[in-house]
Every structure is written in structure tokens, then in C-alpha cells.
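Have a look at the structure below before the remarks.
The values are calculated or read from the model by the stated rules, or taken from the named source; none is laboratory data. Being a predicted model, the structure only gives us computed values, none of them experimental. Note that we place each Cβ from the backbone using ideal geometry, even for glycine, and neighbour counts take in every protein chain shown. When the accessible area is computed, the model is the full protein with side chains, heavy atoms only, and any ligands, DNA or RNA have been set aside. Shrake-Rupley method; radii C 1.70, N 1.55, O 1.52, S 1.80 Å.
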Amino acid sequence: MALHHVEHPLIEEVLAELRDQSTPPERFRLLSRRLTNLLAFDASHDLPSRVDKVQTPLEEADVKRLDAEVVLVPVLRAGMGMLEVMLSIFPKASVGYVGLERDEFTAVARQYYRKLPNLSGTFVFLLDPMLATGGSASAAVSLLKEAGASRIRLLCIVAAPEGIERLADDHPDVDVYTAAVDRALNEQKYIMPGLGDYGDRLYGTV
Ligand code: PRP
Ligand code: URA
């Protein structure tokens, strides 16, 4: 598995505010979009393009057009905070949904929803801001592969070493793009220092 830790001063600036417990949900949602936008640039750097020509006001120019069928798959709930901005970058993308929820006590992810478009031959961006134990991401990738996906990249905002290792073991062919690699998980399997429960912070639940 290739891990891409995307490091940039603009990303650090957004992360600082996301981590801050006093950041309210409306600001948290805006920052989620901003950070996803910054990550998307790196995560899409190797998408294929085709050569084309356009007429400028002065002469004909050789140009390149994106030549990739993109599918966006947010993991409910928290991945929804990354979807809107990705759709604005890839307006022709199809969207699939995977609903996964960690058990409060065991931290094991349970699937409660799935709706996926055709995935064969596509470039799939799996959107989930938190890679903690890696159980949710691993289960989501398995679902995507069962549905025909072969080129999958995970966009996350904070990753723990445990989740990175789990995903590398289970799915070595998946590329992971993350804005932060944190220290470890605590006993409740939360990322430390992390930013708390992403879904709760995004939607103001507790
Ligand atoms: C969070 C997060 C990931 C998962 C990561 O979702 O959005 O999906 O935890 O943890 P893992 O790597 O240990 O599986 P959660 O289960 O809290 O659901 P929610 O988004 O609906 O709150
Ligand atoms: N899910 C979250 O939202 N936060 C964590 O720290 C771990 C899993």
C-alpha cells in the first residue's frame, strides 16, 4: 500500500482549527471542505488525460483533458463532509454510498447501507476522514472490490499508525492520501491527539 502523507502549510493551518475543540460545526464543515480540496490535488495527480486541441483567441493550442471515469464513495456519516467539494472538482463523477458504524464498545464496524454504481474500469475515491483501527476502511474497500473496483484511493484527514498497518495488510493495492499521521489510538480506539468524533463534530451530535 502506498501512503501519501500530504504536507503543506495551508493544510497545517486548516488542521489546527479542525483539531481545536472550540471550533463549531458550521466552521468544521467549511474546514472539511477546504482540506478535502487541498488533498484532492495530490490524490488526483496521476489520473489519465488525453490530448486535445482548442482554439484560443490567437491560434490553435494543444491541451490535455481529464480522461478518467471517477466514482466518489463517502463512508457515512463523516465522509459526507468531503463529498460536496469533490463533486465540484469532478462534476461528472458518479456517487456511491457505504454506511458503516463502529460499535461503541468493540469499535468493530457494522455495515448498514450500500448503494454503488458500476465500478469496473473506474477510479474510485473512497472518502472517510478518520482512519483509526482501519476496520471501516478495510470493510469499505472489500465492498468496493466485490462490486468490481480495482483502482481505489482513500482520502482521509487523520490516520493512526494502527489503521495504516491494517489497511496495508488487508489491501496493499490501495493508495492512502492523508493530511496527518497521528501518534496512536487510545483504549477506546480514538485517534490521539486526533480531533475527536468527526461525525459528531461535523453535525453537532454527541
Ligand atoms: C468513524 C469514521 C470512520 C471510522 C474510523 O465513523 O468516520 O468511518 O470511525 O474508525 P475505524 O478506522 O476504527 O473503523 P463512525 O463509526 O464513528 O460512524 P459515524 O461517521 O456515523 O459517526
Ligand atoms: N472515528 C472518529 O471519528 N474519530 C476517531 O478518533 C476514531 C474514529
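Is there a residue in region 114-133 that is in a strand (DSSP E or B), modelled with pLDDT of 95 or more, out of contact with any Phe, Trp or Tyr (no Cβ under 6 Å at 6 or more places or on another chain) and open to solvent by 70 Å² or more (accessible area, probe 1.4 Å)?
Taking region 114-133 and keeping what is in a strand (DSSP E or B), we get 114-115, 123-127, 130-131.
Now restrict to residues that are modelled with pLDDT of 95 or more: 114-115, 123-127, 130-131.
Okay, now just the ones that are also out of contact with any Phe, Trp or Tyr (no Cβ under 6 Å at 6 or more places or on another chain), so 114, 123-127, 131.
Within this subset, residues satisfying the condition of being open to solvent by 70 Å² or more (accessible area, probe 1.4 Å) are 114.
Taking every residue of region 114-133 in turn, at least one turns out to be in a strand (DSSP E or B), modelled with pLDDT of 95 or more, out of contact with any Phe, Trp or Tyr (no Cβ under 6 Å at 6 or more places or on another chain) and open to solvent by 70 Å² or more (accessible area, probe 1.4 Å).
Every residue in region 78-96 that is surrounded by fewer than 17 Cβ atoms within 10 Å (Cβ to Cβ) and either within 16 Å of ligand 2 (Cβ to nearest atom) or farther than 17 Å from ARG153 by Cα (or both), please.
Of everything in region 78-96, those that are surrounded by fewer than 17 Cβ atoms within 10 Å (Cβ to Cβ) and either within 16 Å of ligand 2 (Cβ to nearest atom) or farther than 17 Å from ARG153 by Cα (or both) turn out to be GLU84, SER88, PRO91, LYS92.
Given the condition in contact with a strand residue (DSSP E or B) (Cβ under 8 Å, 6 or more places away or on another chain), within 16 Å of ligand 2 (Cβ to nearest atom), under 30 Å from PRO172 (Cβ atoms) and open to solvent by 50 Å² or more (accessible area, probe 1.4 Å), answer yes or no: does some residue in region 28-40 qualify? Break it down into steps so the answer makes sense when it comes.
Step one: list which residues in region 28-40 are in contact with a strand residue (DSSP E or B) (Cβ under 8 Å, 6 or more places away or on another chain), which gives 32, 35-36, 38-40.
Filter once more, so that each one left must be within 16 Å of ligand 2 (Cβ to nearest atom): 32, 35-36.
Narrowing further to those that are under 30 Å from PRO172 (Cβ atoms): 32, 35-36.
Within this subset, residues satisfying the condition of being open to solvent by 50 Å² or more (accessible area, probe 1.4 Å) are none.
The answer is no, given that none of the residues of region 28-40 is in contact with a strand residue (DSSP E or B) (Cβ under 8 Å, 6 or more places away or on another chain), within 16 Å of ligand 2 (Cβ to nearest atom), under 30 Å from PRO172 (Cβ atoms) and open to solvent by 50 Å² or more (accessible area, probe 1.4 Å).
What's the number of the only condition in (1) out of contact with any strand residue (DSSP E or B) (no Cβ under 8 Å at 6 or more places or on another chain); (2) open to solvent by 40 Å² or more (accessible area, probe 1.4 Å) that ASP103 fails to meet?
Answer for ASP103: the failing condition is (1).
For region 49-73, enumerate the residues that are loosely packed, with under 10 Cβ neighbours inside 10 Å and of a type outside the set (D, E, K, R).
VAL51, VAL54, GLN55, THR56, PRO57, LEU58
I'd like the full set of residues that are assigned to a helix (DSSP H, G or I) and surrounded by 15 or more Cβ atoms within 10 Å (Cβ to Cβ), limited to region 171-202. Explain how you work it out, then say what you get.
Of the residues in region 171-202, the ones assigned to a helix (DSSP H, G or I) are 198-202.
TYR198, GLY199, ARG201, LEU202 - these are the residues of region 171-202 that are assigned to a helix (DSSP H, G or I) and surrounded by 15 or more Cβ atoms within 10 Å (Cβ to Cβ).
Run down ARG19, ARG102, ARG110 and say which single residue is over 13 Å from LEU126 (Cα atoms), touching an Asp or Glu at 6+ places or on another chain (Cβ under 9 Å) and either within 16 Å of ligand 1 (Cβ to nearest atom) or not aromatic (Phe, Trp, Tyr) (or both). Write out each step before concluding.
Numbers: ARG19 fails: touching an Asp or Glu at 6+ places or on another chain (Cβ under 9 Å); ARG102 fails: touching an Asp or Glu at 6+ places or on another chain (Cβ under 9 Å).
So the residue among ARG19, ARG102, ARG110 that is over 13 Å from LEU126 (Cα atoms), touching an Asp or Glu at 6+ places or on another chain (Cβ under 9 Å) and either within 16 Å of ligand 1 (Cβ to nearest atom) or not aromatic (Phe, Trp, Tyr) (or both) is ARG110.
Quick check on region 147-170: of everything there that is more than 13 Å from ligand 1 (Cβ to nearest atom) and more than 13 Å from VAL73 (Cβ to Cβ), which residue is least open to solvent (accessible area, probe 1.4 Å)?
If we take residues in region 147-170 being more than 13 Å from ligand 1 (Cβ to nearest atom) and more than 13 Å from VAL73 (Cβ to Cβ), then ALA168 is least open to solvent (accessible area, probe 1.4 Å).
Taking SER136 as meeting all but one of (1) in a helix (DSSP H, G or I); (2) small (Gly, Ala, Ser); (3) more than 22 Å from ALA168 (Cα to Cα), write down the number of the exception.
It is condition (3) that SER136 fails.
When you look at ARG183, is it touching a strand residue (DSSP E or B) at 6+ places or on another chain (Cβ under 6 Å), over 15 Å from ALA43 (Cα atoms) and of a type in the set (D, E, K, R), yes or no?
Details: touching a strand residue (DSSP E or B) at 6+ places or on another chain (Cβ under 6 Å): yes; over 15 Å from ALA43 (Cα atoms): yes; of a type in the set (D, E, K, R): yes.
So ARG183 passes the test.
Given the options PRO193, PRO161, name the one that is within 14 Å of ligand 2 (Cβ to nearest atom) and within 13 Å of THR133 (Cα to Cα). Can you show your working first?
Working: PRO193 fails: within 13 Å of THR133 (Cα to Cα).
Unique residue meeting the criteria: PRO161.
From SER142, SER138, SER150, grab the single residue that is of a type in the set (S, T, N, Q) and over 16 Å from the mean Cα position of the chain (by Cα). So that I can check it myself, show each step before the final result.
On the way: SER142 fails: over 16 Å from the mean Cα position of the chain (by Cα); SER138 fails: over 16 Å from the mean Cα position of the chain (by Cα).
When all the criteria are applied, what remains is SER150.
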